Ligand SMILES: [Mn+2]
């Protein structure tokens, strides 16, 4: 039986009509992997479109695009849709979920507990980024990892590994970075483009959020709050919250860092981060969420105070803090 990598590279080589999609509210891995696969298809001379319901976030506007990123689905969906970095079909966004039956889905992902919603599923939770899987695809297809493709792969891998600092970082991902560098990638310039993206408005939001951080359970659980009112007052949006949680995790005593972000009346999105053996995926799962061992998220429908209490309680339970 052929491996998923072999089957998918065969489909890319033999097919012609593709759409490449990634999760809504895309992060660096979603954008880098989506554009990376676009570059592969361009190298192969295939027809393809890129689709993301949230579009290309301004902070990734330096990404070398192989095609425009569509925010609306075309009238006729292509034969194949390659879905990247989505742990479940729901992450593709409502419009594509509703029309998933009109196309054949290739699911390439690295999230623990991926629901294998595609016709072809290549799910490898040991990969630190879907960008690493795109590099393996390039290799299988004999396409050199240079130029714009290299920049997209680097964007994906560098952001999802926290610039090769998280526990998910593998020897292979470091070897991949070394290979990109050896083949001409300007790493300092890429890192500048990825990180030097802050607006004053974001600085104001972060100042406020840091001010909300509360410590619970013997200072081992930290929770920060982001309300819609804060967004309005500082002129920011959910894009401006990426990574803020990793700074809360820097608190010396903290084993689980959490952010509760108000989505609507009595509805909060939560993000969780931990280090090492503290499994916050298990915490998120209690609320129907998902993710990775040290990075997860989900939604809690409750008023803020109750949401906080529940999160602290479950964290204490799962992580064994009492
Ligand atoms: Mn990812």
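The values are calculated or read from the model by the stated rules, or taken from the named source; none is laboratory data. All values reported here derive from a predicted model rather than from experimental measurement. Cβ sites come from the backbone with ideal geometry, for glycine too, and all protein chains shown count toward neighbours.
For residue 233, which of the numbered conditions (1) within 18 Å of residue 27 (Cβ to Cβ); (2) over 24 Å from the mean Cα position of the chain (by Cα) fails to hold?
Residue 233 satisfies every listed condition except (1).
Given the residues 96, 84, 136, 112, which is the only one that is at negative phi and more than 16 Å from the ligand (Cβ to nearest atom)?
Only one candidate qualifies: 96.
Name the pairs: first residue in region 20-39 and outside the structural domain of residue 65 (by TED's automatic domain parsing), second residue assigned to a helix (DSSP H, G or I) and near the ligand (Cβ under 9 Å from one of its atoms), Cβ to Cβ under 7 Å, at least 6 apart or on different chains?
Going by the 7 Å Cβ cut-off, there are no qualifying pairs.
Within region 155-162, is there a residue that is farther than 24 Å from residue 20 by Cβ, within 16 Å of the ligand (Cβ to nearest atom) and assigned to a loop (DSSP other than H, G, I, E, B)?
yes
Taking residue 126 as meeting all but one of (1) in contact (Cβ under 8 Å) with a residue 40 or more places away in the chain; (2) more than 16 Å from the ligand (Cβ to nearest atom); (3) out of contact with any helix residue (DSSP H, G or I) (no Cβ under 8 Å at 6 or more places or on another chain); (4) part of a loop (DSSP other than H, G, I, E, B), write down the number of the exception.
Unmet for residue 126, out of (1) in contact (Cβ under 8 Å) with a residue 40 or more places away in the chain; (2) more than 16 Å from the ligand (Cβ to nearest atom); (3) out of contact with any helix residue (DSSP H, G or I) (no Cβ under 8 Å at 6 or more places or on another chain); (4) part of a loop (DSSP other than H, G, I, E, B): (2).
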